[in-house]
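Working notes for the structure below.
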Amino acid sequence: MLDLVLSATAPDAGISITAAITTDLVREARARHDLAPTATAAVGRLITGAALLGANLKGSERITLQIAGDGPLGALAADAWLPGEDRVAARAYTRHPHVDLPLNANGKFDVAGAIGAGSLQVTKSYEVGQPYVGVVALISGEIAEDLAAYLINSEQIPSVVALGVLANPDGVAAAGGVIAHVLPGADERAIAMLEERALALPPITTLIARGADAHAILHELAGPFELRAHRTMPVHFDCLCNREKVATALLSLGEQQLRAMARESVETEAICDFCTTPYIFLAGDLFALADRLEAQASESS
Ligand SMILES: [Zn+2]
């Protein structure tokens, strides 16, 4: 089944719905970062949330979700953007990919235990102007509820968020999610309808275990209400790194440190946090970066 993000509205219910299957996306994140099962569930839910929100971006806008918790996973992040008008790209990383905890009392991945208490920060970068940054305290650390809390508290959009990663012994059997919110200008009835539909929705892992695709998830949430489809886009793992960006990051080490590294080894490997692509810098490259800093320093003095 191809990874897809679908968005639609149910005008009679006053809600809009975006649903996605993200199985390959989560598999790729797992493979690139060598994620343990609990870390896979956490990163998989977060990257699915980013892909769902990313489907409603325009042009060169970008959305970044960052969680900072006091649990063993520490920090995790995911972002999504539109590399073309017709597809969604997303990437994710966690600082501690090998975190694995026993299943919780409900037999589910203990994502809340792995994340702990902390905050969720959402950053929306626009084509022009300052990015919008919203921060909320984590409600549960299960990610879906935290995203819903962000949408209502920070963007004043009553929303329902469900995210799921289904594991098998080889890794990821399936992953997906859905975000529904009331349409702009909708009244109390739409909010009540959204809550009613959310209560009727089976857990997302139950749906995808039954083989539901993004279409089926949309219809499951819409129930008896007629859907008007908006967009269908494939979603895949991608990154925004390149050699120049990594070199710019190396500049922050400072001239002395760069020269010390260049003298210490013939080549230095810098790895992208998000996609784990290695970039090799020879001693001469590092000396050149150090020279650039030195020239900048003498210009400004
Ligand atoms: Zn990268």
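The values are calculated or read from the model by the stated rules, or taken from the named source; none is laboratory data. Here the structure is a predicted model, which is why all the values come from computation and not from measurement. Backbone-built Cβ (ideal geometry, glycine too); neighbour counts: all protein chains shown. Remember, those area values only see protein heavy atoms, side chains included, never the ligands or the DNA or RNA. Shrake-Rupley method; radii C 1.70, N 1.55, O 1.52, S 1.80 Å.
Overview of values
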| item | result |
| --- | --- |
| The chain: most fluctuating residue of Ala144, Ala90, Ala198 per GNM, C-alpha cutoff 10 Å | Ala198 |
| Charge dipole (debye, nearest 20) of the chain; +1 at Cβ of Lys and Arg, -1 at Cβ of Asp and Glu | 200 |
| Long-range Cα-Cα pairs in the range 1-149 (distance over 25 Å), rounded percent | 29 |
| When the chain is reduced to its Cα atoms, the Kirkwood hydrodynamic radius in Å | 20.5 |
| All lysines inside 16 Å of Lys58 as judged from Cα atoms, apart from same-chain residues fewer than 8 positions distant | Lys124 |
| Gaussian network model of the chain, springs between alpha carbon atoms under 10 Å - residue of Pro131, Pro224, Pro169 with greatest fluctuation | Pro169 |
| Ala216 versus Ser140: modelled label distance in nm, points set 7 Å from Cα along the beta carbon direction | 2.3 |
| Estimated inter-spin distance, Leu199 and Arg95, nm [label 7 Å along Cα→Cβ] | 4.1 |
| Leading residue at positive end of dipole, the range 175-301 (Cβ point charges), from Tyr279, Ala192, Gln256 | Ala192 |
| From phi via Karplus (6.51, -1.76, 1.60), per-residue ³J(HN,Hα) for the range 61-77 in Hz, x at Gly/Pro | 5, 9, 10, 10, 10, 10, 10, 10, x, 9, x, x, 6, x, 10, 9, 8 |
| Length released on extending from Leu2 to Arg87, taking residue separation times 0.36 nm less the Cα-Cα span | 29.4 nm |
| For the range 243-300: relative contact order, % (alpha-carbon pairs under 8 angstrom, 6 or more apart) | 37 |
| Low-density loop cleavage sites - trypsin sites (Lys or Arg not before Pro) in the range 174-271, where at most 12 other Cβ are within 10 Å (DSSP) | Arg210 |
| Using θ = phi - 60° and Karplus 6.51 cos²θ - 1.76 cosθ + 1.60, couplings along the range 25-31 (whole Hz; Gly, Pro as x) | 4, 6, 4, 5, 4, 4, 5 |
| For the chain, with +1 on Lys and Arg beta carbons and -1 on Asp and Glu, the positive-most of Leu6, Leu207, His98 along the dipole | Leu207 |
| In range of the label at Thr232: residues from the range 14-49 whose backbone nitrogen is under 14 Å from the point 7 Å along Cα→Cβ | 19-21 |
| Shape of the range 243-300, Cα gyration tensor, a/c cut at 1.5 | oblate |
| Loop-exposed GluC sites (Glu not before Pro) per DSSP, neighbour cap 14 Cβ within 10 angstrom, longest uninterrupted part of the chain | 128-225 |
| Which of Cys241, Gly164, Ala68, positive extreme of dipole for the chain (C-beta unit charges) | Gly164 |
| Rounded percent of accessible protein surface that carbon and sulfur make up, the chain, 1.4 Å probe | 53 |
| Degrees separating the helix 37-54 axis from the principal Cα axis of the chain, which is the longest one | 80 |
| Formal net charge of residues neighbouring Asp238 (Cβ-Cβ distance under 13 Å; K, R +1; D, E -1) | 0 |
| Nearest-ten-degree value, helix 283-300 long axis tilted from longest Cα axis of the chain | 90 |
| The chain: angle of helix 144-155 to the longest principal axis, Cα-based, in degrees nearest 10 | 90 |
| Accessible surface, per residue, of the range 13-61 when the full set of protein chains is kept, probe 1.4 Å, Å² | 25 |
| Net charge over other residues, Cβ less than 10 angstrom from the Cβ of Thr123 (K, R count +1; D, E count -1) | +1 |
| Residue list for the range 70-86, given a label point 7 angstrom along the Cα-to-Cβ vector of Ser60 and an amide N cut-off under 18 Å | 80-86 |
